[in-house]
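Remarks on the structure that follows.
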Amino acid sequence: MKILSICGSPRKGNTEFMLRTLLKSAEYSGAETELVLLREKDIKFCDGCHACKGGSGKCSIKDDMDEIRDKLLLADVIVFGSPIYYDCVTGLLKNFIDRINPLYTKLKGKKFAFVIVGQLKGKDGEVSRKFIIDFLKNISDIHEMNFIGYVYGISVDPDEISKDEQVIKQLKNLGKKITQQ
């Protein structure tokens, strides 16, 4: 089983820690894993040219998406990770999501999970969390992927999640779950 995780955080911190923890758990169950850090990739914006409408799964823009596209196609499981910016994923991850449009029919049946990190607690945190969860589940539905689950962490500091035993346990459980279903 191949698991590809996509980190949409612009910095090294909680989101990357969460993805690495989940992947390590999946590796214990025998999965082959890879983490792509979007902040290290050259991914241009979708220009709406519609060259991808032909069903080839290819985009006319030549950048690092070519390499990532091939990895997405080979993966059995795709895991996104993002901190919450204005009740949604970061611009890095949103741009990436726009660029997977050519894979509209090619990700069908793959397993999908995600991790998210927010700062807000209480009612405001619930509203923010619901919006991003619905957004990412919708991406899964659009591509007809099988949604497996998610982990949500609350943090202000870049290393705070690494001290949250409850979130770490949830990440390990999700790592096992995605290798078993």
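Tabulated data
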quantity: FRET efficiency for residue 147 and residue 126, using Cβ-Cβ distance with R0 set to 25 Å, rounded to 0.05; calculated: 0.80
quantity: Residue 29/residue 49 FRET efficiency (R0 41 Å; Cβ-Cβ; nearest 0.05); calculated: 0.50
quantity: Mean Cβ neighbour count within 10 Å, used as a protection proxy, ranking 54-62, 99-107 highest first; calculated: 99-107, 54-62
quantity: Cα→Cβ-extended label distance, 7 Å offset, between residue 70 and residue 166, nm; calculated: 4.4 nm
quantity: Within segment 2-180, percent of DSSP bridges classed antiparallel, to nearest 5; calculated: 5 percent
quantity: Sites residue 105 and residue 135, calculated FRET efficiency, Cβ-Cβ separation with R0 35 Å, nearest 0.05; calculated: 0.95
quantity: Extent along principal axes [Cα atoms of segment 1-82; Å; largest to smallest]; calculated: 41, 28, 14
quantity: Relative contact order (%) - segment 2-180, alpha-carbon pairs under 8 angstrom, separation at least six; calculated: 29 percent
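Only the coordinates and a few stated rules stand behind these numbers; no lab work does. Nothing here was measured: the structure is a model prediction, and the numbers come from that model. Reconstructed Cβ throughout: ideal geometry from the backbone, glycine too, with neighbour counts over all protein chains shown.
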